[in-house]
Amino acid sequence: MKLAYWMHAGPAHIGTLRVASSFRNVHAIMHAPLGDDYFNVMRSMSERERDFTPVTASAADRHVLARGSQERVINNISRKDEEQCPDLIVSTPTCTSSILQEDLQNFVDRASVSSESDVTPADVNYHRVNELQAADRTLEQIVRHYLDRARKQGTLDRSVTDKPSANIIGISTLGFHNQHDCRESKRSLRDLGISVNQIIPEGGSLKYLKELPKAWFNIVPYREVGLMTAILLEKEYGMPYVSVTPMGISDTAESITQMEKLVNAWASVLSEEKVNYISYIENQTKFVSQAAWFSKSIDCQNLAGKEVVVFGDATHAASITKIPVREMGIRVSCSGTYCKHDTEWSNEQVQGLRDEVLITEDHTEVGDTIACIEPSAIFGTQMERHIGKRLDIPCGVISSPVHIQNFPLGHRPFLGYEGTNQIADPVYNSFNPGMEDHSLDVFGGHDTKEVSTKSLSTDRGLNWTPETQLELNKIPGFVRGRIKRNTEIFAKQNDITNITIDVMYAAKEKLSS
């Protein structure tokens, strides 16, 4: 467990609560001290939902600590069972209350004796995993529980639907643009003639989980939540899955191509007509997505060669790294993620598309890296947006963690062909448009900011004299950052801590030689 005041991924219990409250008629009871019970406020404010199942906080105050939590937890479970009659009650501690090392399984077993609802503790190690890992594990736990029950009771129907169908796994509350991505995914599947069997956990019903195996295949839009469930369904029920995130023109086409292969594989078995989605991909690329056309426009070509930094969860960071490089000619100086548990996959996805990779949960390391690179734009989370504001570098938010402003009321998907348009806009708008940089350098204008010669967390032992900073300000903005970095590298190599004008010109001469 790490004590931090700024975290990219929240504590494990938030992931469990996100999954539990996404299902219909599932109630979560959180065994937590006062101060940890902010989930209801966070969800109602961000998602702006009128009706959702709230989370109950079983507060562990000083009186409870004095005599133990057993009575409080059991009473809360029994009360919610009588008041709301949920299909399932999920009991979860927080990382704070789990320090008490109480036997929550025993509490749940005792409450189950008199409860009409199913009751289960979340099977998550709250000291070793973060919000995303806990959400993935909790969803897999719930699906496994109800499929195993249906199999034991003989009510599990192993037949598949007559027509192509798919489950969408991983759409959840408080996910980055999840609701918009879900609507766009359903529209795309409808256009392809594929019906949606189930969407879980968001809006899902536990009584229908036993029908998950009826679908021809599963779709996992995000690696962070849903992958464990898809692997379970593949292993136990032979259900293939598509895990290519349909974000950007190339990966959207690849995702649809994989769906075509799975549909045709089942069509051969069921003696159904095979499908060909090539014309659909071509039409969507030409007429729905404007990103392909826009990438060839003079506006987008003006961005060629500009440097950016990308940072976020594994899914969005990898996808947003591919889009600027492959589709817009923008250089990604650094691509990174805070999902350290998915390091291998992240490195594999951005191989050859970036200058360096940053895998860290430390926001100060991210800030120092951005300050050192001085990119033209940042694509990251709200935390990187704050870093960008301090460094006066524009930032487009492409991943959680987010603010309420990243839960737009309008339709703003990141997935599918409509998503390519929604991504292209913030990517382009994150840069100073057209000739603005050059015009400000030539004519002055309002560009009066001084060059930053320090990182966010430390000056790294280098001191720029005021005269040198003035000299650096005279250099055009589009090469200023590179000259600054080269000078600092030269200074470090020669053990120079005080950067003067002579040092700057000595560095220039060495590079020119």
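Quick notes on this structure:
- The residues of segment 293-442 present an accessible area of 39 Å² per residue when probed at 1.4 Å with all protein chains retained.
- Unsatisfied cross-links (Cα-Cα over 22 Å) in the set 340/484; 296/389; 152/235: 340/484; 296/389
- Long hydrophobic helices in the chain, taken as whole DSSP H segments with a C-alpha length of 27 Å or more on their own axis and mean Kyte-Doolittle hydropathy at least 0.0: 249-270.
- The Cβ shell under 14 Å around residue 260 holds other residues with a net charge of -3, Lys and Arg each +1, Asp and Glu each -1.
- The structure shown yields mean projected area of the Cα convex hull in nm², and of the options (1) 37.9; (2) 28.4; (3) 39.6 that calculated value carries the label (2).
- Whether segment 471-513 is rounded, prolate or oblate, judged on the alpha carbon gyration tensor where a/c under 1.5 counts as rounded: prolate
- Accessible area, probe 1.4 Å, largest first, for residues 331, 480: 331, 480
- Surface accessible to a 1.4 Å probe, per residue, for the residues of segment 165-273, Å²: 34 Å²
- Net charge, residue 345 excluded, C-beta distance under 12 Å - Lys, Arg +1, Asp, Glu -1: -3
- For segment 465-513 and segment 263-323, distance of Cα centres in Å: 42 Å
- Span from the segment 166-243 Cα centroid across to the segment 334-401 one, whole angstrom: 29 Å
- Protection-proxy order for peptides 349-358, 481-490, each taking the mean of Cβ atoms within 10 Å per residue, highest first: 481-490, 349-358
- Under 12 Å, Cβ to Cβ, from residue 117 - net charge with Lys/Arg +1 and Asp/Glu -1: -4
- Bridgeable lysines around residue 274 (alpha carbons under 16 Å apart, same-chain partners fewer than 8 residues away excluded): 163, 261.
- Residue-averaged 222 nm ellipticity for the chain, from DSSP H runs of 4+ at -39500 (n - 2.57), nearest 500: -13500 deg cm²/dmol
The values are calculated or read from the model by the stated rules, or taken from the named source; none is laboratory data. Everything quoted here is computed from the prediction, not taken from an experiment. Methodologically, a virtual Cβ is constructed for each residue, glycine included, from the backbone with ideal geometry; neighbour enumeration extends over all protein chains shown. Ligands, DNA and RNA are excluded from the accessible area calculation, which covers all protein heavy atoms including side chains. Shrake-Rupley method; radii C 1.70, N 1.55, O 1.52, S 1.80 Å.
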